[in-house]
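Novice: Please see the structure below; I have some questions.
The values are calculated or read from the model by the stated rules, or taken from the named source; none is laboratory data. What you see is a predicted model; the values in this text were computed from it and never measured. FYI the Cβ positions are ideal-geometry reconstructions off the backbone, even for glycines, and counts take in every protein chain you see. Quick note on the areas: whole protein, heavy atoms, side chains included, nothing else; ligands and nucleic acids left out. Shrake-Rupley method; radii C 1.70, N 1.55, O 1.52, S 1.80 Å.
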Amino acid sequence: MIQITIRNLKLFFRDKTAVFFSLLGVIIIIGLYALFLGDIVTSGMNDLPDVRFLMDSWIMSGVLAVTSITTTMGAFGIMIEDRYNKLIKDFTSSPVSRASLAGGYILSAYVIGVILSIITLVLFQIYIGRFLSLAVLIKVLGLILLSVLASSSMVFFLTCFIKSQNAFGTASTILGTLIGFMTGIYIPIGQLPEAVQTVIRFFPVSHAAVLFRKIILEEPIYNSFKNAPVEYKNNFIDIMGINFKYGDYSFPAVGSIIVLAATAILFYTLSIWILSRKSKR
């Protein structure tokens, strides 16, 4: 399994195009934010102190959630390519077991997702010009490990049904387009219709975005709203998707952590079950 993992990591990072397209969704979001989304979102909030730091931190939180799924999608492209080129049949006819082979693809996708998420975090902090405290950084790194685990499980489940590179490319494009909306980056969740908000709240990656925002935005929110009415701050938190509410009930952070952990368990279990059924045919 380790040899397959190393082989996949070398193939992925050697292919600069694959790395670029894995981060394309993130690059598009940052570009849109720098061009006009940042000004649109901050319009009407110019009276708040340190508003740019507040909104830069908000967009960084969403981008980290998006990175966890777009990078693992790109990483699993190696498995699709091997399947298309019949290399998987060569592997399975060798002494490598099917479990080791699948484990190699999963582990390499997970490592790639974590590495690229950390790189995104570092680059974004350089762009903002401020750095997270050690305590916040440790929490963010722990959340990266969990969010990449949940995202990779969903992508692995999806790839169980994809056989061609064209289909994989189409799925990647659709996912990359929708992910910005499903995490409330293009339009803040509180500004969407209630029905759409309900759908987003059931999307696991949106819970990763909420958790990143809770952790990273704690200091910026304090700086910007320390002299503002509490109602003003709470309204901002609800609209910007820093807190999920079901009616009057605020979904706790531990609930979002459980959602991500349960997502990983569910989709990896389903994927292994599907692959085991295919291997018996």
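Novice: Please work out the average accessible area per residue across segment 115-191, using the 1.4 Å probe convention, and give it in Å².
Specialist: 48
Novice: When the accessible area of segment 226-275 is split by element with a 1.4 Å probe, what percent falls to carbon and sulfur?
Specialist: 70
Novice: Straight-line reach from Lys233: which aspartates and glutamates have Cα under 19 Å away, leaving out those fewer than 8 places along the same chain?
Specialist: Reachable aspartates and glutamates: Asp47, Asp50, Asp56, Glu218, Glu219, Asp248.
Novice: Based on the mean of other Cβ atoms within 10 Å per residue, sort peptides 6-12, 147-153, 16-22 so the most packed one is first.
Specialist: Highest-to-lowest ranking by the protection proxy: 147-153, 6-12, 16-22.
Novice: Between Phe13 and Val51, what is the FRET efficiency for a Förster distance of 51 Å, r being their Cβ-Cβ separation, to the nearest 0.05?
Specialist: 0.85
Novice: Just to be sure I understand: with springs between alpha-carbon atoms less than 10 Å apart, which residue in Ile59, Ile239, Ile119 has the highest mean-square fluctuation in the Gaussian network model of the chain?
Specialist: Ile119
Novice: Quick query: amide H of Lys245 versus all other amide H atoms, modeled in the peptide plane; which residues come in under 5 Å with a sequence gap of 5 or more or a different chain?
Specialist: Sorted by chain and number, the residues that satisfy this are Phe251.
Novice: Limiting things to C-alpha atoms, what are the Rg and the maximum Cα-Cα separation (Dmax) for the chain, in angstroms?
Specialist: 19.7, 68
Novice: Accessible area per residue for segment 1-64 in Å², computed with a 1.4 Å probe and the full protein assembly in place, what is it?
Specialist: Using a 1.4 Å probe on heavy atoms only, each residue of segment 1-64 averages 50 Å².
Novice: Short version: what are the Cα gyration tensor semi-axes of segment 112-247, square root of 5 times each eigenvalue, largest first, in whole Å?
Specialist: Three semi-axes, in Å: 29, 21, 12.
Novice: Additional query: How many percent of the alpha carbon pairs in segment 102-141 exceed a separation of 11 Å?
Specialist: Value for segment 102-141 (Cα pairs over 11 Å): 68 percent.
Novice: Take the alpha carbon atoms of segment 1-55, find their radius of gyration, then divide it by 2.2 N^0.38 Å using N residues; give the quotient.
Specialist: Here the answer is 1.86, to two decimals.
Novice: Separate question: What's the extension gain from Asn227 to Thr198 if we count 0.36 nm per residue and subtract their Cα-Cα distance?
Specialist: Contour length minus the Cα-Cα distance gives 7.2 nm.
Novice: Using only Cα atoms, what is the ratio of the radius of gyration of segment 158-198 to 2.2 N^0.38 Å?
Specialist: Normalised Rg, Cα atoms only: 1.51.
Novice: Continuing with the same structure: Could you rank the peptides 251-264, 100-113 by their average count of other C-beta atoms within 10 Å per residue, with the highest value first?
Specialist: Averaged packing, sorted descending, gives the order 100-113, 251-264.
Novice: When the Kirkwood radius is taken over all Cα pairs of segment 84-177, what Stokes-Einstein diffusion coefficient follows at 4 °C and 1.567 mPa s, in µm²/s?
Specialist: Roughly 82 µm²/s, to the nearest whole number.
Novice: Percentage of Cα-Cα pair distances in segment 1-143 greater than 24 Å, rounded to whole percent?
Specialist: When all Cα pairs of segment 1-143 are counted, 44 percent exceed 24 Å.
Novice: Of Leu211, Leu23, Leu37, which has the largest mean-square fluctuation in a 10 Å C-alpha GNM of the chain?
Specialist: Comparing Leu211, Leu23, Leu37 in a Gaussian network model of the chain, the most mobile one is Leu37.
Novice: For segment 177-281, which semi-axes, largest first and in whole Å, follow from the square roots of 5 times the eigenvalues of its Cα gyration tensor?
Specialist: With the √(5λ) rule applied to segment 177-281, the semi-axes are 34, 14, 12 Å.
Novice: Follow-up question, since we're still on this one. Strictly over 20 Å apart at the Cα level, which of Lys86/Lys163; Lys214/Lys245; Lys139/Lys245 would you flag in this model?
Specialist: Result: Lys139/Lys245 exceed 20 Å.
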